Amino acid sequence: MGGETTGTLRRDAIGLREVLFQSVTAMAPAAAVAASIPSGAAFAGGSLPLAVLIALVACLFTASCVAELARELPAAGSVATYAARGLHPAVGFLVGWGYVFVEMLVPPLLLLQLGFTAAGTLHEEWSSYPADLWWPWSLAGAGVIAVTGYLGVRASARFGTVLGVFEILVFLAFSLLLIGRAGDANTLSVFGTSHTADAHAGVGGVFAGSVYTVLAFAGFEAAAPLAEETRDPRRTMHRAVLGAALGIGLFYVITTYAMTVYFGPDRFAKFGASGEASWDGVARASFGLFWVLVFLAVVNSTIANANACANVSTRTAFALARIRVLPRLLATLHPRHRSPVAGTAAQTVVAVGAVLGLGFAYDPVTAFLLLATVIVTVVVGVYIVVDLACAGHFLRAGRGALKPVRHLLFPLLGIAAFVPALLTAAGLPVFDFVTELTPPVSYAGPVVGAWMAAGLVVLLVLMRRHPERIAETARVHLEEYDPAVGPRQDGTVAR
């Protein structure tokens, strides 16, 4: 690879715009609107806009915690560093171990969706195209992600920005058309509880819908691992994380409202991710060739999301490899692009292997559901730990830095919001609206358990043989280096 295993990522390479869209595209707004959020309609019905609004408020609590920690601790290790500082280095290692694992699985998840979405649409338009010929599209997407990752953060982040702008504009334009066509059917009653599904009437239906909608917000923290490559990272990270969560949350509210009032609140419980009662179905039936733009926006969203999460996985792996808790090879940087080329190569191998292995062992849709369950279970667990770390960090920082509402109440509310989402994602039937998982999707739990058990074994070995490496998970490298004056000797922070 012609790289080096020492040195730093490219400093000051990107700014707020690119970092903001790193989080935006990691949330996959178009794919979430078309495929994820409609899952809440079975419970909230025509009150789904209210459920989305509640989910937005709930997610902003955790987004605030991530933003506060990102401002205090700008590090490529992101959530691992936050947990190490706020709770304990051992917890930071386990968070990093789990986070790298699932973030490396996000690109294959999205590449599977790219494959079956493209193949299914082409087969629907031209029956001669085989519906099961999905894998060339997945491999093409993997190639694009590998190239942008190799070329460095500037190329990758700018690519993500262009893709993110396109998908948002398409769905906003479509939403305006829907609102205009709805005419007198526009109503604020969808922000009440009168349109919930018959089997989940009232507040209970809205709550159930909001739990499923919360999962569409995953990814708002994806800006944080780019801290060491960002200009003015303390200020930029804070604005990017909160801006992405708030901005895309409002985008979800607008788009969901538009489709609800157009389709009809009282029959919205039948709305879903495919068929006539879906975004694609409505576009085909009522807006002519506009469905092509919707299709392209969803395909665009899968590539943009895979690109953003490849950035997350490679930077987090780099951060853990440079302190030697992961193989040192993963800290290899390209001498010119300053990109983690070994991490990019590993990410590509994992992506192609998971896509082809799981896609052919089961089918691409089943493989997608299995990976999604693994990913969401761990990511939501990470959010809960980060909420705790926020409280722990600022309690340790002293009374002067502690803001009780922001650093104690918000973490508590964030945990309260994500615990039901965690139980739902894992298929644990604590609530009556949770669907119990069946094989092979139910294998997600043992997979996560086995991976975290392996991480615990690695942790015990490292604590016995190299405890200083575990302690290094709490290290914030930017605190030790100011590009204007060189390395600091006292460890103070450049403000």
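Does region 385-408 hold any residues that are out of contact with any Asp or Glu (no Cβ under 9 Å at 6 or more places or on another chain) and either surrounded by fewer than 19 Cβ atoms within 10 Å (Cβ to Cβ) or on the phi > 0 side of the Ramachandran plot (or both), and which are they? Before the answer, list the steps.
Looking only at region 385-408, we keep the residues that are out of contact with any Asp or Glu (no Cβ under 9 Å at 6 or more places or on another chain), and these are 385, 387-389, 391-392, 395-396, 398-400, 402, 404-405, 408.
Listed by number, the residues that qualify are Leu395, Arg396, Gly398, Arg399, Gly400, Leu402, Pro404, Val405, Leu408.
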Quiz prompt | Boolean, Ala269 is in a helix (DSSP H, G or I) and out of contact with any strand residue (DSSP E or B) (no Cβ under 7 Å at 6 or more places or on another chain) | solution = yes
Quiz prompt | Filtered residue count, region 188-205, keeping only those that are part of a helix (DSSP H, G or I) and either open to solvent by 20 Å² or more (accessible area, probe 1.4 Å) or more than 10 Å from Pro49 (Cβ to Cβ) (or both) | solution = 9
Practice problem: Determine which single condition Ser339 fails, assuming it passes every other condition in (1) buried (at least 24 other Cβ atoms within 10 Å of the Cβ); (2) assigned to a helix (DSSP H, G or I). | Solution: (2)
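Let's see how each residue does on (1) at pLDDT below 95; (2) aliphatic (A, V, I, L, M):
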site: Ala310; (1), (2): no, yes
site: Val350; (1), (2): no, yes
site: Ala354; (1), (2): no, yes
site: Gly359; (1), (2): no, no
site: Asp363; (1), (2): no, no
site: Phe368; (1), (2): yes, no
site: Ala372; (1), (2): yes, yes
Quiz item: Would you pick out the residues in region 386-414 that are part of a helix (DSSP H, G or I), hydrophobic (A, V, I, L, M, F, W, C) and closer than 18 Å to Val476 by Cβ?
Solution: Val386, Ala389, Cys390, Phe394, Ala397
Self-check item: Odd one out for Gly7, checked against (1) outside any helix (DSSP H, G or I); (2) over 30 Å from Arg396 (Cα atoms); (3) open to solvent by less than 10 Å² (accessible area, probe 1.4 Å)
Solution: (3)
Quiz prompt | Breaking point among (1) assigned to a helix (DSSP H, G or I); (2) open to solvent by 20 Å² or more (accessible area, probe 1.4 Å); (3) closer than 19 Å to Asp266 by Cα, for Ala208 | solution = (2)
Quiz item: Among the residues of region 54-68, is any of a type in the set (Val, Ile, Thr) and open to solvent by less than 10 Å² (accessible area, probe 1.4 Å)?
Solution: yes
Quiz prompt | Number of positions in region 116-144 that are assigned to a loop (DSSP other than H, G, I, E, B), in contact with a Leu (Cβ under 9 Å, 6 or more places away or on another chain) and either hydroxyl-bearing (Ser, Thr, Tyr) or over 27 Å from Val350 (Cα atoms) (or both) | solution = 1
Exercise. Check Gly357 against each of (1) within 25 Å of the chain's Cα centre (by Cα); (2) crowded, with 19+ Cβ neighbours inside 10 Å and name the one condition it does not meet.
Key: (2)
Exercise. Within region 95-150, work out how many residues are open to solvent by 10 Å² or more (accessible area, probe 1.4 Å), hydroxyl-bearing (Ser, Thr, Tyr) and farther than 14 Å from Gly359 by Cα.
Key: 6
Quiz item: Among (1) buried (at least 24 other Cβ atoms within 10 Å of the Cβ); (2) small (Gly, Ala, Ser); (3) in a helix (DSSP H, G or I); (4) under 18 Å from the mean Cα position of the chain (by Cα), which single condition is Ala51 missing?
Solution: (4)
Quiz item: Of everything in region 456-468 that's free of Cβ contacts under 8 Å to residues at least 24 places away in the same chain and farther than 24 Å from Val374 by Cβ, which residue is most open to solvent (accessible area, probe 1.4 Å)?
Solution: Arg464
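Check region 230-240 and report whether any residue there is open to solvent by less than 10 Å² (accessible area, probe 1.4 Å), touching a helix residue (DSSP H, G or I) at 6+ places or on another chain (Cβ under 8 Å), within 30 Å of Ala474 (Cβ to Cβ) and not aliphatic (A, V, I, L, M).
Yes, region 230-240 has at least one match.
Can you pull out every residue in region 441-450 that is open to solvent by 80 Å² or more (accessible area, probe 1.4 Å) and either in contact (Cβ under 8 Å) with a residue 24 or more places away in the chain or in contact with a Phe, Trp or Tyr (Cβ under 8 Å, 6 or more places away or on another chain) (or both)?
Across region 441-450, the qualifying residue is only Tyr443.
Looking at the structure I just gave you, is Ala453 modelled with pLDDT of 85 or more and open to solvent by less than 60 Å² (accessible area, probe 1.4 Å)? Step through it out loud before you land on a result.
Values: modelled with pLDDT of 85 or more: yes; open to solvent by less than 60 Å² (accessible area, probe 1.4 Å): yes.
In short, yes.
The values are calculated or read from the model by the stated rules, or taken from the named source; none is laboratory data. This structure is a prediction, so every number in the text was calculated from the model and none was measured. Please note: Cβ atoms are built from the backbone with ideal geometry, for glycine as well, and neighbour counts cover all protein chains shown. We work out accessible area using only protein heavy atoms, side chains counted, and drop any ligands, DNA or RNA first. Shrake-Rupley method; radii C 1.70, N 1.55, O 1.52, S 1.80 Å.
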